[in-house]
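Have a look at the structure below before the remarks.
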Amino acid sequence: MFRLDKSLPFLAAALLATSALPAIAQDGPGAGTAITMAQPTWDTGWFHTEIYRQLLQELGYDVAPAITLDNPPFYQSVAMGDVTMWVDGWFPLHSTYEPIFSSGAEIVGAVAKGGALEGYLIDKAAADEFGITSLEDFKRDEVKAAFDRNGDGKADMVACPPGWGCEINIEHHMDAYELRDHINTIKAGYSASMADALAAYKGGEHILYYTWTPNWTANQLVPGKDVVWIEVPEVDLPDMSLADAATLEGVEGCINDPCKLGFPANDIVPVVNSEFLAGNPAVGALLNEVAIPLEDIFAQNSAMNDGDTDIEAQAAAWIEENRAAVDGWLDAARAAAS
């Protein structure tokens, strides 16, 4: 006859508790670990930064709102471990920072591969009226006059603030194409400068500006409809090993196809402290899984520019709308930690 051992319920409970521990750890592999995220000074990267932050939180990591840093301090800080990561590396544009971070940090995964374009645009009306196809056309007096908004005799162009990676290439172009006497580069805050240019365009003025994708400008000033990408006279980069990537086929709204943009297409990628990554395989697995469609970033950037600045809510909504894919990414991360 079976004899009930009064200790069995307690033993069973203990076994259940013990067997549950790995599952709990697996569900929240980041429990008790803090991550310091950074985001760039350009606000078009803040949406996908917040998506990644919330995904890391779902893995149990303690992740405060991202701190905003310029490129040089970020790459120095991530190598030293003062900052854990950001998801706004632009490569090859940021390759000049590799000597700074490569000894202590590394690229993992990609937010978006190859879809990050850079270049110069003008309003389509000006392209049609003056036959503008290239920056070289801004040496013509009638073209300069049409784009001279401050009366200094030069065409005004919205460029990049000091410290941004794109500033290096633009400054290089101004010298390489001998444009210093013809184009005035506006280096104030980019969003404010572009808002001013957009207002000028809506007021019937001609505009010249640098931009990148993803960016709200592509929603407000649609390439091929409102504006056109123009070409550089010839590809001339600080690092000519990237020259082949600076001419692209199929660029919507470009004056020519293939389009001599003058900037290599970029991957948007996470850059993470290597020591942290070695101790947190779940993070590496997550970063290798996640990808954010550029059109979704475009849409959020446009909404943000129109006044919807609740990025935390926008990111949470995106995650729920893409829950099936998100759960797959999180499962892969948890599996890597087991």
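FYI, it's all coordinate maths here, none of it is from the lab. Since we're looking at a predicted model, the values are computed, not measured. Note that each Cβ is placed from the backbone with ideal geometry, even for glycine, and that neighbours are counted across all protein chains shown.
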Inset, instruction - Evaluate the relative contact order of the range 217-319 (contact order divided by residue number), counting alpha-carbon pairs under 8 angstrom at least 6 apart; express in whole percent. - result: 22 percent
Inset, instruction - Rounded to the nearest 10 degrees, what's the angle between the helix 190-202 long axis and the longest principal axis of the chain, both from Cα atoms, 0 to 90? - result: 50 degrees
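Please report, in cubic angstrom per residue, the volume enclosed by the convex hull of the alpha-carbon atoms of the range 71-131.
On the way: hull volume 7.1 nm³, N = 61.
Convex hull of Cα atoms, per residue: 117 Å³.
Would you mind counting up the charge near A197? Only other residues with Cβ under 13 Å from its Cβ, with Lys and Arg at +1 and Asp and Glu at -1. Present the calculation step by step, with values, prior to reporting the outcome.
Numbers: positive: R149, K202; negative: D123, D156, D196, E205, D226.
Here the charged neighbours net out to -3.
Suppose R0 equals 45 Å; then what is the FRET efficiency for E129 and S338 from their Cβ-Cβ distance, rounded to the nearest 0.05? All intermediate terms of the calculation are to be shown ahead of the outcome.
Values: r = 64 Å, r/R0 = 1.42.
In this case the efficiency is close to 0.10.
Quote the charge dipole size of the chain about the Cα centre in Debye, to the nearest 20; the model charges only the Cβ of Lys and Arg (+1) and of Asp and Glu (-1).
The dipole of the chain has a size of about 1160 debye.
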Inset, instruction - Any chance you could check the Cα centroid distance between the range 82-97 and the range 202-266 for me, in angstrom? - result: 22 Å
Inset, instruction - Compute the distance in nm between two label points, each set 7 Å from the Cα along the Cα-to-Cβ direction, one at Q54 and one at D82. - result: 3.1 nm
Inset, instruction - Could you size up the charge dipole of the range 119-246 around its Cα centre, putting +1 on the beta carbon of Lys and Arg and -1 on that of Asp and Glu, and report it in debye to the nearest 20? - result: 480 debye
Legend entry - Difference of contour (0.36 nm per residue) and Cα-Cα distance, E275 to D181: 29.0 nm
Inset, instruction - Please give every one of the lysines within straight-line cross-link reach of K187, meaning a C-alpha to C-alpha distance under 17 Å, and leave out same-chain neighbours fewer than 8 residues apart. - result: K154
Inset, instruction - Can you check what the Kirkwood hydrodynamic radius comes to for the range 60-199, Cα pairs only, in Å to one decimal? - result: 17.7 Å
Inset, instruction - First measure r as the distance between the Cβ atoms of A64 and D196, then evaluate 1/(1 + (r/R0)^6) with R0 = 35 Å and state the FRET efficiency to the nearest 0.05. - result: 0.55
Inset, instruction - Towards the positive end of the charge dipole of the chain, with charges on Cβ (+1 Lys, Arg; -1 Asp, Glu), say which of C166, V251, G89 has the farthest Cα. - result: G89
Legend entry - Separation of the V222 and T41 label points, Cα + 7 Å toward Cβ, nm: 3.3 nm
Inset, instruction - Mind checking the full-extension length gain between N256 and D152? Use 0.36 nm per residue of separation minus the Cα-Cα distance, one decimal, nm. - result: 34.4 nm
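Would you mind calculating the relative contact order of the chain from Cα pairs under 8 angstrom and at least 6 residues apart, reporting the percent as a whole number? Walk me through the numbers on the way to the answer.
Details: 608 pairs, mean separation 84.8, N = 338.
Relative contact order here is 25 percent.
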Legend entry - Centre separation in Å (Cα based) which lies between the range 286-338 and the range 108-137: 27 Å
Inset, instruction - Express the relative contact order of the range 78-228 as a whole percentage, based on alpha carbon pairs under 8 Å and six or more residues apart in sequence. - result: 30 percent
Legend entry - Identified option (computed Rg and Dmax of the Cα atoms in Å; candidates (i) 24.5, 107; (ii) 35.8, 130; (iii) 20.5, 90): (i)
Inset, instruction - Please sort 313-325, 72-84, 246-258 by packing, taking for each peptide the average over its residues of neighbouring beta carbons within 10 angstrom, highest first. - result: 72-84, 246-258, 313-325
Inset, instruction - Quickly work out the D327-to-E249 label distance, labels modelled 7 Å from Cα along the C-beta direction, and quote it in nm with one decimal. - result: 4.1 nm
Legend entry - Cleavage-rule hits (trypsin sites (Lys or Arg not before Pro)) in the range 169-257: DSSP loop, at most 14 neighbouring Cβ within 10 angstrom: R180, K225
